[in-house]
Amino acid sequence: MIFVGDVAIADGDSFCFEGFPDDLMTKPWCINLEGSLREVMATSSTPRGLYNSDLWVNSFCRFQVSAIFIGNNHIHDVENGVVVACDRFVARGFGVFGVGETASEAARSLHVQSAGHEYVLIGFGWSVIGCVPAGLNRPGVNMYEGHGVLRSVCLALEQ
């Protein structure tokens, strides 16, 4: 599995990746998107913080994107960022991890199958950089702290 991170592709931006070996193009990819999704030109106001245009997928259409990690300090830069992103990713068939509408959802692992291999992904965010934790009834990030990490690993092993 290939992991890439800190992707933020705003309105009107796109990237064309050239020269990647074929064996990398066919492996499953996990992308860490910084921030939530925002509809292209959703409002006339200038957005604050980091986000990704709904068109981010155009930049990665040649890759085998299997998983999206969005459990970071920018997920709340877009109003209702966790819910918006999770709903849109799931609707497009992407697995999402590291966030949830509740703490128990955020702590869930994502299992990805590819070429006879199973990958178990667990995502965490760190309070030191401003990640907002998910709560009992509050969307947010699976926090990178001792007991939470242990709990997430134990849950992943049970699945």
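Looking for whichever is of a type in the set (D, E, K, R), in contact with a strand residue (DSSP E or B) (Cβ under 7 Å, 6 or more places away or on another chain) and surrounded by fewer than 15 Cβ atoms within 10 Å (Cβ to Cβ) here; the options are ASP6, ASP11. Which one fits?
Details: ASP11 fails: surrounded by fewer than 15 Cβ atoms within 10 Å (Cβ to Cβ).
Residue meeting the stated conditions: ASP6.
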Report task. Could you please give the count of residues in the range 64-82 that are in contact (Cβ under 8 Å) with a residue 60 or more places away in the chain and farther than 25 Å from ILE129 by Cβ? Result -> 1
Query raised in the report: Taking the range 74-91 only, how many residues are under 13 Å from the mean Cα position of the chain (by Cα) and open to solvent by 20 Å² or more (accessible area, probe 1.4 Å)?
Result: 8
Requested in this report: Would you be able to say whether some residue in the range 141-150 is within 12 Å of ILE70 (Cα to Cα) and of a type outside the set (S, T, N, Q)?
Outcome: yes
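State yes or no: is VAL96 without any contact (Cβ under 8 Å) to a residue 40 or more places away in the chain, closer than 28 Å to ASP11 by Cα and surrounded by 18 or more Cβ atoms within 10 Å (Cβ to Cβ)?
On the way: without any contact (Cβ under 8 Å) to a residue 40 or more places away in the chain: yes; closer than 28 Å to ASP11 by Cα: yes; surrounded by 18 or more Cβ atoms within 10 Å (Cβ to Cβ): yes.
Yes: the conditions hold for VAL96.
Could you tell me how many of the residues in the range 100-137 are surrounded by 13 or more Cβ atoms within 10 Å (Cβ to Cβ) and without any contact (Cβ under 8 Å) to a residue 60 or more places away in the chain?
Of the residues in the range 100-137, the ones surrounded by 13 or more Cβ atoms within 10 Å (Cβ to Cβ) are 100-112, 114, 119-127, 131-134.
After this cut, where a residue has to be without any contact (Cβ under 8 Å) to a residue 60 or more places away in the chain as well, the list is 100-111, 120, 122-127, 132-134.
Of the residues in that region, 22 qualify.
The values are calculated or read from the model by the stated rules, or taken from the named source; none is laboratory data. Keep in mind the model is a prediction, meaning the values are calculated, not measured. Because the Cβ atoms are built from the backbone with ideal geometry, glycine has one as well, and the counts that use them run over all protein chains shown. The area values use the complete protein model at the heavy-atom level, side chains included, leaving out ligands, DNA and RNA. Shrake-Rupley method; radii C 1.70, N 1.55, O 1.52, S 1.80 Å.
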